[in-house]
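In what follows, a structure is listed as structure tokens, so that the remarks can point back to it.
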Amino acid sequence: MNPQPDNKLESDLARLTVWDGGAPDLWRAALAAASVAGTKTARWFASRWALGAFGMAAALVVFVALLPSLSRSRLRTYEPKSAAIPSAPSLAKSEAFLSPSFGDANDVARNAGGEGRFSNDNTESIPSHHFGTPSTPGGGSGAVQSPASHATAGRQIVHKATIELLADDVRAAFLKAGQLASEAHGEYVQDSALTGADDKQLQANLTLRVAAERLSDVLNELRQLGKVRSERTDGEDVTSRAVDLDARLRNEQRVEAELLDLLESRKDAALKDIIDLRANLASVRNVIEQLTAQRQNLARLVSLATVLVIIRPSDTPAVPPPTGIGAYFGDAISTMWQKGLRVLADTLAMLLGALIGGLPWWILLAATLLLFRNARRQSCVDRDRRVK
Amino acid sequence: MNSPRTDEGLLADFRTGDRGALAELARRYERAWLGAALGFVGGRRELACDAVQETWMRIIRFADRFDQRSRFKTWAYRILINRCRDLLEMENGHVVAEMPAAAAAPASRAARPAELADEHDSVRRAVSQLPPEQRAIVLLCYHGDLTHEQAAEILELPSGTLKSRLHAALNELRRMLATEFQP
């Protein structure tokens, strides 16, 4: 057989791509298959949307969970640091002089160490009496209603007061203030500090624990020591906590009595039962001791008011306000710059917090997406196999 | 007198839910695609049908993504060629060269004279032994539904390049056939 001539080759080539049958209307089958696949795709997209919604919800939960801690962090980090002398209320917030009572045995330790701050947890706040700079230069004549007078019969109130004084002789005022705590009444100076390089920089801080019924008298005496710059008194009603502690204590004591009775009546019981009973008894007694300590501590807090005294030299120079439009403009720019930096830091802290705090969620999300991707690939392969 | 609707217009109508538009496209192209697919898959009719059906499925699925930068015909042929390649790869690689030509021959050809069928299968076998690019050029250029310009557009080649490569492919085919029919 001879090689094919060109026209023969071309005609053979043309015949290679000729369909010599009828059209099998494959488009109909494809249309039906595509509609099924479209439904599957819609389901897949729906599941993806659901997954996205789930991810968003998870991120939102993480964000909401992190927000309080971030806010606390921001407060700690960006608490305004006044260039001038801090005011008494801000010092009262930053300087611990009374720990919150958490109703546990550590209250005493916390108060002694002075590491806590005021807290209204589980307490009702009594309306406070906040006095700004008195109009009378001499101070001391302002009649302050005794916080103790607010305590009605049967109510348990923890009193706190803060007074900021300007004195000509800080050292003398400091010594006099310390002497106001009467040991005869069980009062004492919880802590005291005199700081400053020279007389103009001196500052005295004292935390006095005085009998609640004497708080008014002590404050009046403190006012005599100098010019009152600010004064604040607060009260926390801890009656409900005291009632709760009493009830729990009575209950535990009843349980203790029952266990003792049981132990007495079952002397012939198995050794294991007796050991178990004794273990339970020890546990109950431990709780009783804790509750008793808490109750005593609460009673001590109620009986002794806390007074934070801050004494500064009366000739402390005030921070002069900026004068002139240039200074005003510069101050405004500086303030805005500081605000911008804080917003930037806040944003970064929030993003970092969400990134770190939500790490388990991100990992979960990535793993889920990976699984979906693999499942999709597998389904494509399966479909191709079915078609084949 | 109404001018016939363009392919792109039909596809747009299908996107809006007109199934008749798809039927019209099928009437225009399905047999041509089956022929082209038959050439690309080495004469196996079932595989050609699979390729065309999957081409339809992709056209249906991705009709929304057709951006009209190319013509529908070019776009569809590209899909068809890719599907043929995929199906061949799924069939344990390039089985065209290994496939017995007689097994691939349609039943209607069984009635042909043995010599003619043998010559025809020799050409198919020779084409299947060409490099993939040359094989695509040869099949598309001798496919009755396409011009050389359209083939060049489908393969994304300049027209001159296509012609020179076609020339080289034909020479190669002639050489292979001459070797085969050498006494």
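Couplings 3J(HN,Hα) for the stretch B:126-141, derived from phi with the Karplus relation 6.51 cos²θ - 1.76 cosθ + 1.60 (θ = phi - 60°), are 5, 5, 5, 8, 6, x, x, 5, 5, 4, 5, 5, 4, 5, 6, 5 Hz, where x marks Gly and Pro. Each other residue within a Cβ distance under 11 Å of residue B:169 adds +1 if Lys or Arg and -1 if Asp or Glu, for a net charge of +3. Our estimate of slack between residue A:278 and residue A:362, defined as 0.36 nm per intervening residue step minus the Cα-Cα distance, is 25.2 nm.
According to the square roots a ≥ b ≥ c of the eigenvalues of the Cα gyration tensor, what is the shape class of the stretch A:249-292, taking rounded for a/c under 1.5, prolate for a/b larger than b/c otherwise, and oblate for the remainder? Oblate is the answer for the stretch A:249-292, as a/c is 1.5 or above yet b/c matches or exceeds a/b.
Counted residue by residue at 0.36 nm each, then reduced by the alpha carbon distance between them, the extension gain from residue A:250 to residue A:335 reaches 24.8 nm.
Between residue A:169 and residue B:65, the modelled label-to-label distance comes to 9.2 nm, taking each label 7 Å out from Cα in the direction of the beta carbon.
In this structure, residue B:147 and residue A:377 have a Cβ-Cβ separation that, at R0 = 35 Å, corresponds to a calculated FRET efficiency of about 0.35.
Here are some pairs, A:160/A:227; A:160/A:339; A:8/B:163; which of them have Cα atoms lying more than 25 Å apart in this structure? Correct reply: A:160/A:339. Under a 5 Å amide H cut-off, with hydrogens placed 1.01 Å from N, residue A:304 pairs with A:212 among residues at least 5 apart or on other chains.
All of the numbers you see were taken from the coordinates with simple rules; none came from a lab. The model shown is predicted, which means the values in this text are computed figures rather than measured ones. Ideal geometry is used to build each Cβ from the backbone, glycine not excepted, and the neighbour counts take in all protein chains shown.
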